[in-house]
Amino acid sequence: MSDEPETLASLEDRLGYVFTDPSLLLEALTHTSFSAENSAPSYERLEFLGDAVLGLVTASTIFDSYPEAPEGEMTKLRAVVVDRRSLAAVGRDLGIPDHIRLGRGEDRAGGRDRDSIVSDVVEAILGAVYIDGGWAEVARLVRDEWRTVIDLRASSPATTDPRSRLQELLAKSRRAVSFSYEQSGPDHAVVFMATASVEGETIGTGTGGSKKSAAIDAARDALESIAE
């Protein structure tokens with residue numbers, strides 16, 4: 001794709017937002033491979049901001065939409081709504097892959113179709129909208145694009161503990177996951193690292209303040225790896 005701002009009008013139309021500063025949108029679409037070849041800023045900083053914005057708007061939407069849901073259920077729902085696969089699905093619906101700026105090698109390697117890259121760009125675009133248009137605009141965009149996802153996931157078995165989802169997935173091929181743990185840190189701030197393994201092979205790792213939270217994080221990491 002051309003890197004001229006005017007070529008992004010179709011994407012802005014899909015987003016329902018026109019940037020005052022189009023360079024922010026270009027930055028949000030720029031992968032590190034393109035950045036290295038062209039000395040252009042990559043999306044990484046905007047991705048960091050967009051991740052936080054998405055988490056807060058999603059949490060607020062879930063809180064308002066499901067007033068009877070306990071904290072644990074809301075946490076699970078938020079996790080599956082903002083996971084890599086959900087982000088990438090929203091990105092594809094918006095036509096974002098066609099606009100991602102990739103280096104030549106990354107493009108040839110199929111980077112445009114990778115969930116990890118598409119989801120990163122989605123978060124970066126949210127960060128860019130937040131900077132350019134403020135909270136109201138980014139909240140509107142998230143609620144417009146994620147509302148259906150939230151409602152579907154709220155009524156789906158996918159809101160179950162990632163450990164259960166991982167076990168169910170592996171059971172289809174008659175495999176089972178096991179978790180091992182390492183502990184570090186002082187007694188008042190213990191950190192657990194969990195490793196999810198299948199037949200001796202590590203498929204995911206995670207950390208948390210308890211074995212349970214570390215295992216959940218490791219299972220989520222494993223699910224994302226399997227989905228790629």
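Summary of computed values
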quantity: Of residues in segment 23-46 being in a helix (DSSP H, G or I) and more than 20 Å from the chain's Cα centre (by Cα), the one surrounded by the fewest Cβ atoms within 10 Å (Cβ to Cβ); calculated: 38
quantity: In segment 201-214, residue surrounded by the fewest Cβ atoms within 10 Å (Cβ to Cβ) [restricted to those that are modelled with pLDDT of 90 or more and of a type outside the set (S, T, N, Q)]; calculated: 201
quantity: Filter result (of a type in the set (Phe, Trp, Tyr) and closer than 19 Å to residue 94 by Cβ) within segment 29-44; calculated: 43
quantity: Pairs, first under 14 Å from residue 65 (Cβ atoms) in segment 132-146, second modelled with pLDDT under 95, C-beta under 6 Å, six or more apart; calculated: 139/57; 142/57; 143/61
quantity: Condition met for residue 164 (assigned to a helix (DSSP H, G or I), touching a Phe, Trp or Tyr at 6+ places or on another chain (Cβ under 8 Å) and surrounded by fewer than 18 Cβ atoms within 10 Å (Cβ to Cβ)); calculated: no
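The rows are residues; the columns are (1) modelled with pLDDT under 85; (2) surrounded by 19 or more Cβ atoms within 10 Å (Cβ to Cβ); (3) among the charged types (D, E, K, R).
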site: 53; (1), (2), (3): no, yes, no
site: 67; (1), (2), (3): yes, no, no
site: 72; (1), (2), (3): yes, no, no
site: 93; (1), (2), (3): no, no, yes
site: 101; (1), (2), (3): no, yes, yes
site: 108; (1), (2), (3): no, no, yes
site: 115; (1), (2), (3): no, yes, yes
site: 121; (1), (2), (3): no, yes, no
site: 126; (1), (2), (3): no, yes, no
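The values are calculated or read from the model by the stated rules, or taken from the named source; none is laboratory data. This one's a predicted model, so the numbers in the text were calculated from it and none came from an experiment. Please note: Cβ atoms are built from the backbone with ideal geometry, for glycine as well, and neighbour counts cover all protein chains shown.
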